1. Once the Cβ-Cβ distance between Ser43 and Ala245 is put in as r, and R0 is 51 Å, what FRET efficiency do you end up with, to the nearest 0.05?
2. Could you give the dipole magnitude of the range 4-130 about its Cα centre, charging the beta-carbon of Lys and Arg +1 and that of Asp and Glu -1, in debye to the nearest 20?
3. Just read off the accessible area of Asp162 with the full protein assembly in place, 1.4 Å probe, to the nearest 10 Å².
4. With a 1.4 Å probe and all protein chains in place, put Met17, Met158, Met72, Met33 in order of accessible area, largest first.
5. Keeping all protein chains in the complex and leaving out DNA, RNA and ligands, what accessible area do you get for Val53 with a 1.4 Å probe, in Å² to the nearest 10?
6. Heavy atoms only, probe 1.4 angstrom, no DNA, RNA or ligands counted: give me Phe78, Phe23 ranked by accessible area, highest first.
7. With every protein chain left in place and a probe of 1.4 Å, what is the accessible surface of Arg37, to the nearest 10 Å²?
Amino acid sequence: MLMQHAIKTVEDLRWLMAHTGGFRSGYVTDLQMSKRRLFDEESGRDVLADTTVSMTIRYQLRGMVRVAKLVMNGVTDFSIFEQEGSDSSALSVIQAECNDGRLRFWFDPQGELYAVCEDAHLEEIATPILTEQVLPELARWTFQGHSGEAPTIAWFLMELEDAGVPCSWAISKKRRANGMSSRWEGDLTPAGDGQSPRGNAVRVLVYGAQDGEGFGVVLRALGTPDRQVSRVLTILADRIAQRYAGSCLVGTTIIPGREWESWRSRGDARA
């Protein structure tokens, strides 16, 4: 499920370390800093009002692949230092402390990636570990529903029929996802046009949340480049984001479901 948690106290830090395992053996895929300035009428100048650092971390824990976005607000000290040949994006285990109302994070043993902030916010999507496919994977889209029941096979087929792209359905003979959270998995193949190469399909994996309510859906376009298969994936992504409250994951980018279509229309999506 989509995990969201505010981090302000020592207890919150303990939860973070327990939940993530300290991001052990993970790596930073994206790092951004933003500064907000306000106009000071007395001095007639823009003054720094706030600094925010956001970090995306990909790691594995308890049979799941996790993509976490850690947003640190009110940053007063931040450093990243890399010598030639070094890579501070690879994490062993982070260290953190709360002192004088501020949070301090060390993201590597040498302290080359370091931040001090007022508070932080964790947003995370977890998916089952997927085994390798015989066919190449052309695109992947993941959705994490906040609550409720996952869509059924019949729902997928009816939505595609309504969109004018009827498909056949076949349950996967071999489970491709590790972990007990997987509910069902199968292939959607465009029906009747005879244009899609043999084996091309959208593989659908539906799984349950590890903690609390919610569900997850992973859509993957498998095979060779195929316009019809790509269309099936895009239609389903749009319909799922419209129908259910949740968040989408493309690569290591987490997108609120309500923003999915506008994000895709800007040409950012790979699906």
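1. 0.65
2. 560 debye
3. Ignoring ligands and nucleic acids, Asp162 comes out at about 110 Å².
4. The residues order as Met158, Met33, Met17, Met72, largest area first.
5. 0 Å²
6. Details: Phe78 55, Phe23 0 Å².
The most accessible residue leads, giving Phe78, Phe23.
7. About 140 Å², rounded to the nearest 10.
The values are calculated or read from the model by the stated rules, or taken from the named source; none is laboratory data. All of these numbers come straight from a predicted model, not from anything done at the bench. Quick reminder, even Gly has a Cβ in these numbers, built from the backbone with ideal geometry, and neighbours come from all protein chains shown. For accessibility, only protein heavy atoms count, side chains too; no ligands or nucleic acids. Shrake-Rupley method; radii C 1.70, N 1.55, O 1.52, S 1.80 Å.
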